[in-house]
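The values are calculated or read from the model by the stated rules, or taken from the named source; none is laboratory data. As the structure is a prediction and not an experimental result, all values here were calculated from the model. Methodologically, a virtual Cβ is constructed for each residue, glycine included, from the backbone with ideal geometry; neighbour enumeration extends over all protein chains shown. Areas reflect the complete protein model, heavy atoms only, side chains present, ligands, DNA and RNA absent. Shrake-Rupley method; radii C 1.70, N 1.55, O 1.52, S 1.80 Å.
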Amino acid sequence: MKRRLLVVVATLLLANCANLQLFVANVASAGGPYILTQNIAYGREPRQKLDIYRPDGKPATTTQGQLPVVVFFHGGRWSEDSKDDYRFVGATLAEHGWLGIVPSYRLYPKVKFPAFVEDAALAVAWVQQHAAAYGGDPRRLFVMGHSAGAHLALLITLDRRYLAAVGSTASAIRGAIGLSGPYDFLPYPTDYIKGVFAGAADPLDTQPIHFARADAPPILLVHGGADEMVATQNSISLAAALERLGGDVTLKIYQGGSHGDTVAGFSNLRREGPPVLDDVARFIAAHP
C-alpha cells in the first residue's frame, strides 16, 4: 500500500515539477543496498566534488578493482542542479553492480564554456586514478550524462584535448552513454545558449558532433522521440556522423518518450517507462 501511494504521488509530481520529481526519486532510493561516500574533492573549487556509490557487500580494495565504473554527469542547462539532486541515479548504478560516481561541476553564469567541460574531464581523471580504491576497475570506465550532462560526457569522449589537458586520455574511457543530450545545436538557438558558450573562440568547439571520429570509444545514444527540450535530431545526427566514419555507436529512440524519461528510468518508481536502464546494462555488459 505504501509503495502504491508513493507511485501515485510520484506520478502527480512528475507531471508538474522537475525539482519535486528529483526529490521523490531520491527519497525512494534512500537506504538501498549501497555504500555512499560523499563530497570527495576532485579539484580545488567548491563545486568540484563527487559522491561514490558502491554496491553493499562489495568491499573497497586497494588491489585491482572488479566493478565496472560509471561516472554520471547531471543535467540542468549547464546552470542548475548538483550531484545531490541525482542520488537516485548513483543508487541505481550501485544496485546493478557498478561503481557509481556522481560529480558536481561549476555552472553558468559563474563560469562559461569550457569551464564545466574541463571539470568533467578533471573528475574522470580523478576516477581513473582512484576507482580501484573503491572496488572499481579503471579499465572499464564508462561516462554517462543526461541533457547538459550528456553534452559534457560526449565532448570529453570525442574531443581528446580535455582529458589530455589533465594528464589522461580519452582512450581510457571504455564507453560513453548519452541520455537526451545536445550534440549538434549550431547556430545557437537562444540568447541564453549564446551566453553559456560565449567563452568559445570557435563555436564548433562546443559541438560534440564536430569531433566525431572512427576510433572513438563505443557510444550509446538514447533519446525520447517526443522530447520538447532537446531535439531528438541531436542524437540522430551524432549517431549518423559516427556511423559514416565507421565508429561504434548504438542509437535508441523511445517513441513517445519525453526529455526526462531517459533519466527517470533510473528511479525505482519509473521502471515501467522506456527501457533505458536495460539498454544501458546491455551496453555495459557488451564491453567488458
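Here the stretch 212-228 is the region considered, the condition is being small (Gly, Ala, Ser) and in a loop (DSSP other than H, G, I, E, B), and the residue that is surrounded by the fewest Cβ atoms within 10 Å (Cβ to Cβ) is Ala214. Just give me the residues in the stretch 164-178 being surrounded by 15 or more Cβ atoms within 10 Å (Cβ to Cβ) and under 15 Å from Tyr42 (Cβ atoms), in sequence order. Residues satisfying the conditions are Val166, Ser168. Gly256 satisfies every condition listed in (1) at negative phi; (2) surrounded by fewer than 24 Cβ atoms within 10 Å (Cβ to Cβ); (3) not polar (S, T, N, Q) except (1). The numbered conditions (1) free of Cβ contacts under 8 Å to residues at least 60 places away in the same chain; (2) assigned to a loop (DSSP other than H, G, I, E, B) are all true for Pro288 except (1).
Identify the residue in the stretch 164-174 that is in contact (Cβ under 8 Å) with a residue 12 or more places away in the chain and assigned to a helix (DSSP H, G or I) and, among all such residues, is nearest to Ser79 (Cα to Cα).
Ala165
Those strands (runs of 3 or more DSSP E) of the stretch 56-163 in which 1 or more residues are surrounded by fewer than 24 Cβ atoms within 10 Å (Cβ to Cβ) and without any contact (Cβ under 8 Å) to a residue 60 or more places away in the chain occupy 136-146.
For the stretch 262-276, what are the residues that are touching a residue at least 40 places away in the same chain (Cβ under 8 Å) and under 16 Å from Ala226 (Cα atoms)? Within the stretch 262-276, Thr262, Val263, Ala264, Pro274, Val276 meet the criteria. If the condition is being open to solvent by 30 Å² or more (accessible area, probe 1.4 Å) and farther than 27 Å from Tyr254 by Cβ, then the stretch 193-211 contributes Lys194, Ala198, Gly199, Ala201, Asp202, Pro203, Leu204, Asp205.
Selection of the stretch 231-249 for residues being open to solvent by less than 20 Å² (accessible area, probe 1.4 Å), aliphatic (A, V, I, L, M) and either free of Cβ contacts under 8 Å to residues at least 24 places away in the same chain or under 17 Å from Thr262 (Cβ atoms) (or both) yields Leu238, Ala239.
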